[in-house]
Structure formats: C-alpha cells, structure tokens
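The values are calculated or read from the model by the stated rules, or taken from the named source; none is laboratory data. Keep in mind that what you see is a predicted model, and the values were worked out from it rather than measured. Cβ atoms come from the backbone with ideal geometry, glycine included; neighbour counts cover every protein chain shown. In case anyone asks, the SASA skips ligands and DNA or RNA and just uses the protein heavy atoms, side chains included. Shrake-Rupley method; radii C 1.70, N 1.55, O 1.52, S 1.80 Å.
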Amino acid sequence: MKNYIPTATSKTSFLTVFTAILLLNCYVISQIAGPLDTLKTRIDNYFQQGVENGFSGAILVFMKGELLLNKGYGLADKEQELTNSPATIFDIGSNTKQFTGAAILKLVQYEKLNVSDPISKFFPELPSDKQQITIHQLLTHSAGFVESIGRDFDIISTEDFFEALFKSELQFEPGSKYSYSNNGYSILARIIELVSGESYEGFLKNHLFKPAGMETTGYLLPEWDISNMARGYNRNVMDVGSMVKRYREDGEISWHLNGNGGINSTQNDMSKWLNALKNYQILPDSLFQELIQPRIGPANGSFKYAFGWGVRTTDRNTALLSHNGSNGAFAHTILWIPEEDTYIIYATNANSPLVERLAYTVMDMLFKKDFHPDPLEKNVYFFIREYALSNSPDQIKLLQEQLRINYKNDIENPGTLNRIGYLLLRNDNKPLWAVALFKFNVEMFPDDWNVWDSLGDGYAAAGEAKSAIDSYQKAIELGSN
C-alpha cells in the first residue's frame, strides 16, 4: 500500500530524517510560484476584485506549514448585510462523505466492524442481489446503487427510505465499476447508527468533531450562532436561505441527505479537521492510509476514489486529495496535498459555474509561475437581473448587445433566458422585463414551442391577453407533435 504521508521508522537516524525534511522543503519551495507574501496578496486581490462583480464566499490557504490566507469575501446575508468571514457557516455538501468514511474506520478501530463485511450483516432481510454488497463497495461508490431516489429535503421515515432503496434495481454487478452514489453513503450512515447505538450526527460529534476541537460543524447538534449563518444564493440571484434553519424547521435530517451531504461548517472548523487528520488525532496512521488509499474510479482518467476522498496525481508527482460538494446555492471544495503540506478550503454561498472550481484556480496560482487567472465576472443570471432591476425594459437592445458580446455561450441555449425571465416574473414582479427577455428568446429560437409558451406566460402576467393567446397558439402549433 502506498504511504502518502512519509513517516520515519524507529530505525531511521535523526540525521536522515533531518536531511529528508530539508530536501522536501527545498523541493516544495522550488515548486511555489512566488514568495509567500506575494502569493497571499495576489490571491487576496483576486477575490477582492471578484466581490465587485458579486462574488461571495471564503478561502483558506495553508502552505508549507504556514496559514497563508483565511478570509471571507462578499455578503453572507444580503438583506442583513452580513459579511463572510472564517467563522461563517456554510453548507459543505458532499464533503460530508469524508466524515462518513472516517466514522466507518473509527468503528474498525473499535473492532465493531470490518470494511469487508457484507451489508446483510446489518440489514438481514435484503434482496438476494444485494446481500453480498460490502461496506468497502459502498465507500468506493462501486456497490451499484443509483445516485439518489429523492430530493434532499423530502422527509421520509427510516423504514420507508431503506425499503425503497433496497427494492431499487442495481445499475451493475457490485464491485465491477465506479458510479457515484449518495445512496451508498446514506446506507453507511445507517450502519454507523446500528453498530454504535448513536445517531449518525451524534457519533460524528462525539468521536470525530470533539477530538478535532470542532464546535461549529454538524446538522442540528451544534449551538449555532445565527449571526454567522450564510444564506445561499443560487447563481447569486435566487435566495434559498440557510440550510441550518431549514433543518430546524423540519426537525430532522432527511435520509436523502443524511450521511452523504448537507453538513454545515466553517473555514476554521474544516482547517481543524484537516490538521487533526494529518496529526493522527482522528485515526491512527494505518487507518488514515486506508481512508486516502485510491481504489477505483471512472474507466477513463487518472481519478480514483478512496473512502470519501478523490485522489489524483499532480504534475509534481504528489498525491492530491480532493472532494467537492454543492446544492446549487452553496459550493465547497477541499484540495489537500499532504506531501507538500498544503491545503485549500474554499466555500461560496452564491454558486454558479463561474465560481464553483475556484479552489483549483488558487492551486494553480500557488504552483504555476506563469498562471494568470481570468478575472471573476458576473454570471449571466446575476448580470441580467442586476441590469433589469436598474433599467426599464425599453433598454433591452443595449442588454442584447452586451449579451451577444460577453455571454454568447450562455444564451446559445434557450433555457438560460427562459429561467431568468421566470425569475424576474415570479421573484421580482417584473412582468414587462420577463416579456422583453422571452421575446428576445423567441427571436433567437423561433421554432422552439417552449419559448413561445413562456412568452405567453409573460404576456398573461403583464395583462396582455390577446398577445398571450397568440403566443400560446404558436406554442401549440410548434409543439403539436
């Protein structure tokens, strides 16, 4: 088994260890794209400039034994004008899975189970096709379960969830291939409960979070500081609120989410988590290596999945441990290079495709001397909504020109303007702007029945009945087949 964090044996002399550390430090320094102070300034300026275009989130960079940057940017709550900080509470999405993986290995440490155990040991009335599925296969997304069977906040009883899941058809022979499955990690969460006698979140709190000194990580158990809760803004325009507040309203965590996603945490707490892992405060070295050992991945590519972590090799021939999570509004990424004593923790509460992978941008800034990232721009939803709220619909021509120049790829699909039109119609009560956008969409996609139907909705909301009827009739004509 490859050891991703070199450790000295008892037979290694002090001089040998010192020499190895010195050489490693020299290697790391040679791979850095510039002096650390300069890098800190570059990264900080990059995100500060992004705030001017609506960016909001937080970045933590730890490099070569030094906390290079830990800072929040933009607004955690637009209505209250609360700013993001290292203590802001973000939804970390599927980065929850690394906690589940570590919890399973904690039970291995306690000699309560083995990763080779079949799940029939814990669920005795399984259908025959699922009886030999192992914990290992669940951990590595190779059990064959579908990705999900419901939405995150659909409340469902434990009995009903697992009955439906175990009746579902497997996608492939267990162990034969990789296919990412949230359901697999929900099964692992239930196994943790059955074996430990504690709730999933309770086990994490008592056996992982407390040893790491993490007090602001979880679903419902932490004593959350409401003033530090980020609200989520899908594409920086649609307010979905705080996930913790949603959990409190529901009074429970849905099994569609439990164990596979949705835990909330702060930049400070997640840094404590990584430090506790690397210092073996959570798992002994042997089990930590099990946690991060690459196992199986997609048929093509260098990516392999471990236990709640993805693993690939950097162009410096070091192991990159990574995972990300998103629910549309929040996005969270961890990049960890143990051999280079470097990690990046990135969170945003205003997710869009333009900002979801910014942790990788920061990594390139750290290690690529000639890398100059493109500035953070407004995503097309935020840009159009901001324009519409500041201008009258008769200024649509200027907007069209700017969209064709700066957002050409975004408007090549009719769905983009369609969604933004409905957003302005339903959330902002701007029916005339919705009509203007739908008309622009019809000009670009005159044979698409759905955009005509949307135009009818816009006209109807604006009180223009005849135009609405004409648009609906055109939609019926085009969509008759």
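Say whether the condition of being surrounded by 20 or more Cβ atoms within 10 Å (Cβ to Cβ) and outside any loop (DSSP other than H, G, I, E, B) is met by at least one residue in the stretch 251-266. There is at least one residue in the stretch 251-266 that is surrounded by 20 or more Cβ atoms within 10 Å (Cβ to Cβ) and outside any loop (DSSP other than H, G, I, E, B). Counting only strands (runs of 3 or more DSSP E) that fall entirely inside the stretch 53-101 and contain at least 2 residues that are open to solvent by 20 Å² or more (accessible area, probe 1.4 Å) and under 30 Å from Leu188 (Cα atoms), no element qualifies.
Beta carbons closer than 6 Å, at least 6 apart along the sequence or on distinct chains, never pair a first residue in the stretch 37-62 that is among the basic types (Lys, Arg) with a second that is in a helix (DSSP H, G or I) and open to solvent by 30 Å² or more (accessible area, probe 1.4 Å). Pairing residues of the stretch 206-220 that are under 15 Å from Asn279 (Cβ atoms) with residues that are of a type in the set (Ser, Thr, Tyr) and not in a loop (DSSP other than H, G, I, E, B), at Cβ distances under 9 Å and at least 6 apart in sequence or on separate chains, gives Met214/Ser265. Would you confirm whether or not the stretch 290-311 contains a residue that is open to solvent by 30 Å² or more (accessible area, probe 1.4 Å) and in a helix (DSSP H, G or I)? Looking for residues that are open to solvent by 30 Å² or more (accessible area, probe 1.4 Å) and in a helix (DSSP H, G or I), one finds at least one in the stretch 290-311, hence yes. The residues of the stretch 140-174 that are farther than 25 Å from Met243 by Cβ and in contact (Cβ under 8 Å) with a residue 40 or more places away in the chain, listed by number, are Thr140, Ser142, Ala143, Phe166, Lys167, Leu170, Pro174. Of all residues in the stretch 102-113, those satisfying the criterion of being open to solvent by 10 Å² or more (accessible area, probe 1.4 Å) and under 17 Å from Asp285 (Cα atoms) are Lys106, Val108, Gln109, Tyr110, Glu111.
The set of residues in the stretch 315-334 that are β-branched (Val, Ile, Thr) and without any contact (Cβ under 8 Å) to a residue 24 or more places away in the chain contains only Thr318.
Checking Tyr381, Tyr459, Tyr387 one by one, the residue that is in contact with a Ser or Thr (Cβ under 6 Å, 6 or more places away or on another chain) and at pLDDT 95 or above is Tyr459 and no other. Taking every residue in the stretch 428-442 that is farther than 11 Å from Asn418 by Cβ and pairing it with any residue that is of a type in the set (Gly, Ala, Ser), at least 6 positions away or on another chain, the pairs with Cβ-Cβ distances below 7 Å are Lys430/Ala388; Pro431/Gly458; Pro431/Ala461; Pro431/Ala462; Leu432/Ala462; Trp433/Ala388; Val435/Gly458; Val435/Ala462.
Hey, does the stretch 455-475 have a residue that's surrounded by 19 or more Cβ atoms within 10 Å (Cβ to Cβ), within 33 Å of the chain's Cα centre (by Cα) and of a type in the set (Ser, Thr, Tyr)? Checked against the condition, which is being surrounded by 19 or more Cβ atoms within 10 Å (Cβ to Cβ), within 33 Å of the chain's Cα centre (by Cα) and of a type in the set (Ser, Thr, Tyr), the stretch 455-475 yields no hits at all. Asn183 - would you say it is of a type in the set (S, T, N, Q) and touching a helix residue (DSSP H, G or I) at 6+ places or on another chain (Cβ under 6 Å)? Yes; evaluated as a whole, the condition is true for this residue. Residue count for the stretch 386-407, restricted to those that are under 18 Å from Arg419 (Cβ atoms) and open to solvent by 60 Å² or more (accessible area, probe 1.4 Å): 2. Restricting attention to the stretch 428-454, the residues being open to solvent by 40 Å² or more (accessible area, probe 1.4 Å) and part of a helix (DSSP H, G or I) number 8. Scanning the stretch 357-376 for residues that are closer than 19 Å to Ser56 by Cα, open to solvent by less than 60 Å² (accessible area, probe 1.4 Å) and in a loop (DSSP other than H, G, I, E, B) gives Pro373, Leu376.
If the condition is being buried (at least 18 other Cβ atoms within 10 Å of the Cβ), closer than 18 Å to Leu257 by Cα and not hydrophobic (A, V, I, L, M, F, W, C), then the stretch 189-198 contributes Arg190, Glu193. When restricted to residues that are out of contact with any strand residue (DSSP E or B) (no Cβ under 9 Å at 6 or more places or on another chain), open to solvent by 60 Å² or more (accessible area, probe 1.4 Å) and not hydrophobic (A, V, I, L, M, F, W, C), the stretch 200-228 contains 4.
Residues are listed down the side, and each one gets a yes or a no for (1) farther than 30 Å from Ala76 by Cβ; (2) of a type outside the set (S, T, N, Q):
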residue: Ile135; (1), (2): yes, yes
residue: Arg151; (1), (2): no, yes
residue: Tyr180; (1), (2): no, yes
residue: Asn183; (1), (2): yes, no
residue: Gly197; (1), (2): yes, yes
residue: Thr216; (1), (2): no, no
residue: Arg231; (1), (2): no, yes
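Find the residue count for the stretch 230-250, including only residues that are within 17 Å of the chain's Cα centre (by Cα), in contact (Cβ under 8 Å) with a residue 24 or more places away in the chain and part of a strand (DSSP E or B). So the count comes out to 4.
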